[in-house]
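Here is the structure we will look at.
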Protein chains: 2
Amino acid sequence: MKESALEKARANYSPKMPSMLGGPVEAVEGEKTQSVANNEEIQSLFPNTYGMPVVKFIPSQASKPMPAINVGVILSGGQAPGGHNVIAGLFDGLKSLHADSRLYGFLGGPRGLIEHNYTELTSDIIDKYRNTGGFDIIRSGRDKLEHEKQFDAGLEILNQLNIKALVIIGGDDSNTNACLLAEYYKKKNTGIQVIGCPKTIDGDLKNAQIETSFGFDTACKVYSELIGNIERDCNSARKYWHFIKLMGRSASHIALECALQTQPNLCIISEEVQRNNSNLDNIVTEIADLVEERYNAGNRFGIILIPEGLIEFIPDFKVLISEINKLLGVPANAEQFNKLDKSERMSYIQGKLSPKSAQLYASLPASVAAQLILERDSHGNVQVSLIETEKLLSDLVRTNLAERNNPKLLEAFAPLHHFFGYEGRCAAPSNFDANYCYSLGYTASRLIAAGKTGYMASVTNTTAPASEWEAGGIPITMMMNMEYRNEGSKPVIRKALVELDGAPFLTFAKRREDWKKSTSYLYPGPIQYFGPAELCDRPTITLCLEQGKTLD
Amino acid sequence: MKESALEKARANYSPKMPSMLGGPVEAVEGEKTQSVANNEEIQSLFPNTYGMPVVKFIPSQASKPMPAINVGVILSGGQAPGGHNVIAGLFDGLKSLHADSRLYGFLGGPRGLIEHNYTELTSDIIDKYRNTGGFDIIRSGRDKLEHEKQFDAGLEILNQLNIKALVIIGGDDSNTNACLLAEYYKKKNTGIQVIGCPKTIDGDLKNAQIETSFGFDTACKVYSELIGNIERDCNSARKYWHFIKLMGRSASHIALECALQTQPNLCIISEEVQRNNSNLDNIVTEIADLVEERYNAGNRFGIILIPEGLIEFIPDFKVLISEINKLLGVPANAEQFNKLDKSERMSYIQGKLSPKSAQLYASLPASVAAQLILERDSHGNVQVSLIETEKLLSDLVRTNLAERNNPKLLEAFAPLHHFFGYEGRCAAPSNFDANYCYSLGYTASRLIAAGKTGYMASVTNTTAPASEWEAGGIPITMMMNMEYRNEGSKPVIRKALVELDGAPFLTFAKRREDWKKSTSYLYPGPIQYFGPAELCDRPTITLCLEQGKTLD
């Protein structure tokens, strides 16, 4: 494996971690805990792992000798920067407890556990991946650990390898499943512990106990680099409107953080669209108004950020999608539909929708109308992530501007489109993520040593220097509630959406009117790993504001 | 103007320049020169600026006192990283000659000169823009300086401001026009000198005298960062084929440099397509073969780089485009065409094409077939840059795979698309570009002091440390030849395409078979400004190979 110059230079970086983890620690237990909602249901589903106390590590006088143990690790779900450092921290933590401890990586996500596909992670391997991006060390996968049959298949290989604990690195769904597994293994008295680690670039796995999920910092910085570069281009050329869609399946944390970092002319926040019950036409009109206002002020250019998940937060669009899903969910309809010539399909759909949805559908650009019915997933559902929202909006804005009887305004509207997502998921972790991930992995080793199961590794006080960070564990059941999913009501970790009364959104809301009129672009540039601390070690603005800091 | 943390840190960077420029220099003249072709025609068009000698600066014993002078500067054409540093270098160079010299920036490109729209660039302004990306200090524009009326309008304001020399920062076209202007002002005995600086991210303004154009280094590094991040994601998820289109209007220098930096599975080089007379079907088949080969080896993923200009290098596609342009160039046809309903337009075109082109047109995905006839420029020509080549290719690859009677292969082919261009044009310049641009600007001040006109600033030996670089000037006529353009035969700077017998292409060609089969991705990461020199100061691989260095 040939290494780039950056990888060579970066290999020497020693991630910082809470200084307390450098010596022996002991686990201090807090009060018993409750789930965020549906306490009784969650308790009945997790009788063995419900209500456990929050755990905090504090320095200990004496180091308790530990036997050598074997531990397994899984990367689950979409890539996020820093995954390799979680594994490196876990490895180093285990080795610090006993030099003969071993770490096994299950390959390709949860499937590796079920299908007994694994590799031992030795120091030779670990060293090659320190401070690098990607999940390629053992790869990831999207299979879900949900069924007892899968748990039993896993148990077989865990026993065979004499594995005492399994660390699952993943998002809300994967950690929900880690909790199911912990409960099952505890119920069965297997003696196998399960520990989770909070990962997702979307930033929606966070709560009172988990300050941030790893990867969010790096991904937002990469997107902000690109947005800033485009802003500078936009402000130099002064002739384009850039519609920039940003990854993030539901929550708009990424769009919000990038807006705070780059100060665009407009940033749509899905959660606000939902609260205000804004329909598609409201959003389009707001953008068209902005285009006209800036045009009148001599500014024929602008930057608009759009969260990927927007479509599902727009009330009238949501209804349209659910009508199409329902319509084609009926086998007889689907059969009839599939027999139709492609050119006839749109009018077939059009004729079966409610009047309101039919009107909306008719107003869509042809390409989007086609995307909505041609590309459906294996359940027959519309694949929302394939809809090019950035083009949808710019097309509709053009139509809206055309109705304003100002040919010069219309002519001056030249949109360009971008979608950033894959560019940020596997970037080399920022110093923050490199440190945070390493600390999470190291903390996981301490939770294992403390005999915990059904816990998520927790590193807090993360806006302070890393040496002052605190380490501990949170019972996963504490973050759960019951939610309705495809197959009925299920226990899940509650997803953190953007809070409209939270400091990050309020700070944005206070400034955005100014960003509309003036051109206040900020150009953050690429992530720096070697420069001054105030440039290289700063966490996200979201995190700082959430932790009570103020913006300069 | 609020500054980002990077801008604050970067403001303190002192660009490096040839150490000789730190003291007094004198201009040493070489032999008389000739244009690269059409000597007599070029000479007759440029009687006053043809045949001048190449100039080299060498340290001088005594510093000759200079009077204070006024100088103008223009940014012309597309943005490229480092433009602000050219201006800063020019400013510092002029001030070093006489503290009372002044620099005026014409606003919004050549139009600023013609329309007398300018600002004085004082040290307060210059200091805010040192080492930053963008052209926003005075903005750029695409107007062309070609007509005497424009030259006269410019002369008026130059005289009014008592400007002794004008520096035009631009690509091949802008420097061609700088030469026309130099010739005209010399012919008219205006005493006003014109100096050019070589700018373009495309990398196609280079020759025996100009080692590289500025901005190419930074832009390629930004694109390579993104490609590397996507490669790492691709190699972690192992389920997508990424089709990545890269900016670069004609030449494939960017795609080639990015391929050398990131080692993708395939990189198309337009110049090779043209030489091999490969038609669209050949290209599609090559990609489909690669997809199948990798599928058979268990690799359902890959990375393909596509130069933006490709379409115009594919012989059968080129014919199709010229037939459409010719067809709709006839006013009667255009009128008839425009009256048609949108749904009838494709069959109208289809019916008027030659059999071969009609067949190719019919084979295109509907979206591309529509793009080809719906979006034409003000001359009625197809807007080639709007064609989504990356989607065209992946659509056709899917069709090709569908004919291979292997449903699993077809199902496993999941393409994703990217286009990178605007992300790199205004990035903060790499150390190389920051130094190179500053040196070019400083050199321009020395060419002015030496009384030169019709010269391009030249900084050479650029793979050595900056202190060892050499500075001089090249008569622009030396790079010219006659080429056929819309309005007939014209004198222009010859564009540098990728040389298929040059070291960069040959190095790529030697390695690419291996990259196809194996997964040899390299992850360069983001541009670093503050780390070790071997990471931060390295020039492009293209430049190193062209200068006889070998790859490690």
Inset, instruction - Rounded, prolate or oblate: pick one for segment B:446-552, where a ≥ b ≥ c are the square roots of the eigenvalues of its C-alpha gyration tensor, a/c under 1.5 means rounded, and failing that, prolate if a/b is larger than b/c, else oblate. - result: oblate
Legend entry - Sorted peptide list for B:299-311, B:87-99, A:456-468, criterion being average Cβ within 10 angstrom, highest first: B:299-311, B:87-99, A:456-468
Inset, instruction - Compute the normalised compactness of segment A:495-552: alpha-carbon radius of gyration over 2.2 N^0.38 Å, N being the residue count. - result: 1.33
Inset, instruction - Would you mind listing the distances between the A:THR190 label point and the same position in each other copy? Use 7 Å along Cα-to-C-beta, nm, one decimal, shortest first. - result: 8.3
Legend entry - Nearest 10 degrees, 0 to 90: helix A:280-296 Cα axis against chain A principal axis: 70 degrees
Inset, instruction - Any chance you could check segment A:514-536 for residues losing 40 Å² or more of accessible area when the partner protein chains are in, compared with the chain on its own (1.4 Å probe)? - result: A:LEU522, A:TYR523, A:PRO526, A:GLN528, A:PHE530, A:LEU535
Inset, instruction - Provide the per-residue ³J(HN,Hα) series for segment B:386-401, in order, calculated from phi with Karplus coefficients 6.51, -1.76, 1.60 and θ = phi - 60°, each as a whole number of Hz, with x at glycine and proline positions. - result: 8, 6, 7, 3, 5, 7, 3, 5, 5, 4, 5, 5, 4, 4, 4, 5
Inset, instruction - Using θ = phi - 60° and the Karplus relation 6.51 cos²θ - 1.76 cosθ + 1.60, list the HN-Hα couplings for segment A:88-98 in order, rounded to whole Hz, with x at every Gly or Pro. - result: 5, x, 4, 4, 4, x, 5, 5, 5, 7, 6
Inset, instruction - Highest first, please rank the peptides A:410-423, B:62-75, A:236-249 by the mean number of other Cβ atoms sitting within 10 Å of their residues. - result: A:236-249, A:410-423, B:62-75
Legend entry - Full-stretch length increase - A:ASN48, A:LYS128 - with 0.36 nm per residue and alpha-carbon distance subtracted: 24.9 nm
Legend entry - Angle in degrees between helix B:431-449 and the longest Cα principal axis of chain B, rounded to the nearest 10: 40 degrees
Inset, instruction - With a Förster radius of 35 Å, plug the Cβ-Cβ distance of A:LEU386 and A:SER467 into 1/(1 + (r/R0)^6) and report the FRET value to the nearest 0.05. - result: 0.20
Inset, instruction - Roll a 1.4 Å probe over the protein chains and send me the accessible area per residue for chain B in Å². - result: 38 Å²
Legend entry - Modelled label reach - A:ALA370, point 7 Å along Cα→Cβ, segment B:330-372 residues with backbone N closer than 16 Å: B:342-347, B:361-372
Legend entry - Ratio Rg/Rh, restricted to segment A:186-298 and using Cα atoms, in which Rh is the Kirkwood radius: 1.15
Legend entry - Mean-position separation - Cα centroids, segment A:385-460 and segment B:183-229, in angstrom: 35 Å
Legend entry - Cβ-vector label at 7 Å, B:ASN406, separations to other copies in nm: 5.7
Legend entry - chain B - percent relative contact order, Cα under 8 Å, separation 6 or more: 24 percent
Inset, instruction - With a bin width of 10 angstrom, please list the P(r) values of segment B:359-469 as percents of all Cα-Cα pairs, from the 0 bin to the one holding the largest distance. - result: 11, 22, 19, 16, 19, 10, 2, 0
Inset, instruction - Pull up all non-local amide H partners of B:LEU166: gap of 5 or more, or a different chain, and H-to-H distance under 5 Å with H placed in the peptide plane. - result: B:GLY72, B:GLN193, B:VAL194, B:ILE195
Inset, instruction - Under 14 Å from the Cβ of B:MET52, count the other residues' Cβ atoms, weight Lys and Arg +1, Asp and Glu -1, and hand me the total. - result: +1
Inset, instruction - For segment B:481-547, calculate the relative contact order in percent as a whole number, restricting contacts to Cα pairs under 8 Å that are 6 or more residues apart. - result: 24 percent
Inset, instruction - Give, to the nearest whole percent, the P(r) tail of segment A:118-263 beyond 24 angstrom, counting all Cα pairs. - result: 49 percent
Inset, instruction - Could you state the angle between the C-alpha long axis of helix A:315-329 and the longest principal axis of the C-alpha atoms of chain A, as a value from 0 to 90 degrees rounded to the nearest 10? - result: 80 degrees
Inset, instruction - Could you compute the FRET efficiency for B:ASN159 and A:ALA208, with r as their C-beta to C-beta distance and R0 at 56 Å, rounded to 0.05? - result: 0.20
Legend entry - Ascending list, in nanometres, of distances separating the A:GLN383 label from those of the other copies (7 Å, Cα toward Cβ): 2.8
Inset, instruction - Would you kindly give the portion of the calculated P(r) for the protein assembly as shown that falls above 50 Å, as a percent of all Cα pairs? - result: 28 percent
Legend entry - Which listed pairs, of A:LYS56/A:LYS188; A:LYS64/A:LYS149; A:LYS239/B:LYS16; A:LYS8/A:LYS199, have C-alpha distances above 30 Å, in listed order: A:LYS64/A:LYS149; A:LYS239/B:LYS16
Inset, instruction - Could you go through segment A:152-168 in sequence order and give the Karplus-derived ³J(HN,Hα) for each residue, using 6.51 cos²θ - 1.76 cosθ + 1.60 with θ = phi - 60°, rounded to whole Hz, and x for Gly and Pro? - result: 5, 4, x, 4, 4, 6, 5, 5, 4, 8, 6, 7, 8, 8, 10, 9, 10
Inset, instruction - For segment B:1-126, count the residues as N, evaluate 2.2 N^0.38 Å, and divide the Cα radius of gyration by that value, please. - result: 1.34
Inset, instruction - Run through the DSSP bridge list for the protein assembly as shown and note the antiparallel percent, rounded to the nearest 5. - result: 40 percent
Inset, instruction - Heavy atoms only, probe 1.4 Å: what % of the accessible area of the protein assembly as shown goes to carbon and sulfur, would you let me know? - result: 47 percent
Inset, instruction - Could you check what % of the DSSP bridge pairs in chain A are antiparallel, to the nearest 5? - result: 40 percent
Legend entry - Overall form of segment A:373-430 per C-alpha gyration tensor (a/c, 1.5; a/b vs b/c): oblate
Inset, instruction - Compute the semi-axes of the equivalent ellipsoid of segment A:33-76, taking the square root of 5 times each eigenvalue of the Cα gyration tensor, and list them largest first in whole Å. - result: 30, 18, 11
Legend entry - Distance cut-off 43 Å, percentage of C-alpha pairs in chain A lying past it: 23 percent
Inset, instruction - Express in nm, to one decimal, how much length is gained between A:LYS490 and A:LYS408 on full extension, taking 0.36 nm for each residue of separation and deducting their alpha carbon distance. - result: 24.0 nm
Legend entry - Per residue Cα convex hull volume in Å³ - calculated over segment B:1-48: 245 Å³
Inset, instruction - Can you tell me the relative contact order of segment B:218-365? Whole percent, Cα pairs under 8 Å, sequence separation 6 or more. - result: 26 percent
Inset, instruction - Report the closest approach of any chain A C-beta to the axis of the A-to-B rotation: residue and distance, in whole angstrom. - result: A:PRO526, 2
Inset, instruction - Could you let me know the centre-to-centre spacing of segment A:106-169 and segment B:44-99, using Cα atoms, in angstrom? - result: 62 Å
Inset, instruction - Output the peptides A:38-46, B:250-258, B:76-84, B:489-497 sorted from most to least packed, where packing is the average of other Cβ atoms within 10 Å over each peptide's residues. - result: B:76-84, B:250-258, B:489-497, A:38-46
Legend entry - Accessible surface buried upon A-B contact (total; probe 1.4 Å; Å², nearest 100): 4600 Å²
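The values are calculated or read from the model by the stated rules, or taken from the named source; none is laboratory data. The model shown is predicted, which means the values in this text are computed figures rather than measured ones. Every residue, glycine among them, receives a Cβ derived from its backbone with ideal geometry; neighbour counts consider all protein chains shown. Areas reflect the complete protein model, heavy atoms only, side chains present, ligands, DNA and RNA absent. Shrake-Rupley method; radii C 1.70, N 1.55, O 1.52, S 1.80 Å.
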